[in-house]
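Report on the structure given below.
FYI, it's all coordinate maths here, none of it is from the lab. If you're wondering where the values come from, they're calculated on a predicted model, not measured in any experiment. Please note: Cβ atoms are built from the backbone with ideal geometry, for glycine as well, and neighbour counts cover all protein chains shown.
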Amino acid sequence: MAKQYSNQMVNRYSVINLFLALWLGFVSQASIAQNHNVQSKKMVTIAVQSFLGPSEANKKWYPTINFLNKKFDKYHFELLVIEAQNVSLLRELVATEKLDYVITQPATTAELQFLSDVIPVLTKKDKRGVSEFGSVIITSSENTKINSIQDLKGKSFAGANPLGLG
């Protein structure tokens, strides 16, 4: 009787092992097929400069990434979150042309334009259809030498945050 029980156990384990082997084979084939599908698409890397941390940036931007991946079959969009204080990483990735698009704030956009010849292609518009940068430079009413952005050349000014003027 013990020998028969032992054979039943062996058969049970054999069936379980066979099932696991088939399942793992199926999962790896599906993974390889999915990976091949992604590799055959043109990768588009979109970096977002996050002031609220990676978790909030992912929550805000992943729906857009998912939409783009569903909408455009020939491309695979990926999100790269760069924390605001790591602006040197953003500069490096732009300079080495590792990014296709950058979502950032106006001061960083101006800096990247100056350093790397990037071109802003999109500007956010508010509900009224107005695009505004949201930063203000205030001068004394007695200062008549600064009346436009061009008048700032060679001048110093301060911002609320070294990473952004907002």
Lys and Arg at +1, Asp and Glu at -1: neighbours of Val118 with Cβ under 14 Å from its Cβ sum to -3
Of the listed links Lys59/Lys98; Lys74/Lys98; Lys42/Lys127, those spanning more than 26 angstrom between alpha carbons are Lys42/Lys127
Shape call for region 41-123, from the Cα gyration tensor axes a ≥ b ≥ c (a/c under 1.5 means rounded, otherwise prolate when a/b beats b/c, else oblate), comes out oblate
Listed by chain and number, the residues whose amide H is under 5 Å from that of Phe77, excluding neighbours fewer than 5 places away on the same chain and using placed H, are Val44, Asn69
